[in-house]
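As C-alpha cells, the structure follows; a few thoughts come after it.
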C-alpha cells in the first residue's frame, strides 16, 4: 500500500504542467471601438502567454497575432504588468479590469525596452511569422507590492503608432482583465522527479519478482 501511495503521489506531481497548457485566447477580428488605426491582422491578438522561471528569474512573453508580425510598419506590442501597484489607466475606454504599473514595449524589428527606459538586451525579442516572443529579466521588473513575481498579472495590447493616444490601441488580450504567469520548473527539478519515478518503478519490479 505504501508503494502504491508513493507511486500515485509521484505520478500526480509528474502530471503538473511544465509550462502553460492553455494560452490566453482572444477572438479574431475583435478590434476595439475606439481604435482608429489600420485594422491589420498583425495588430489583432489571437493568443498570449507568460511563463516565469523562478530559478533563473526570467519571464518569457509570447503572443500570436492573426497575421505576420511586422506587416504594419508602425506596429508596437505593449505588455502591461501589474507588480502590485497597478491602476486602471484605460478606464476612460471602459476598460477598468486591466491594471498595470509598468509596460514592456516590443517592436517587429526585434528591439524592445521597459517603458521609456532600459532597452532589452540584443536577442531578447524574436519574431517568427505571426508570433513575437521576448525574454525579460525579472531584475528589470522589481515588485511594487506583490510578494512573489508569480503574483504579477499581465495584459497585451498592440498599437498602431501612426495614431496618437489611446486611439492607437487595437486590441486587449484578455479583453478587460489580466492573467498570471505560469511557473516553469527548473530542469534539475524535473530530472529529480523523473529519477524518483525510476526508483519507484525499479523497487516495484523487484518486489513483484519475489
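None of the figures in this text is laboratory data; all of them are computed from the coordinates on show. Everything numeric in this text was worked out from a predicted model, so none of it was measured. Glycine gets a Cβ as well: all are built from the backbone with ideal geometry, and neighbour counts include every protein chain shown.
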Shape call, segment 106-183: gyration tensor on alpha carbons, a/c limit 1.5: oblate
Take the alpha carbon atoms of segment 23-113, find their radius of gyration, then divide it by 2.2 N^0.38 Å using N residues; give the quotient. 1.16
Give me the percent of Cα-Cα pairs in segment 22-186 that sit more than 28 Å apart, rounded to a whole number. 13 percent
Order of 99, 156, 58 under a 10 Å beta carbon neighbour criterion, fewest first: 58, 99, 156
By the C-alpha gyration tensor axes a ≥ b ≥ c (rounded if a/c is under 1.5, else prolate when a/b exceeds b/c, else oblate), the shape of segment 60-147 is oblate
Multiply the residue separation of residue 139 and residue 57 by 0.36 nm, subtract the distance between their alpha-carbon atoms, and state the gained length in nm to one decimal. 28.8 nm
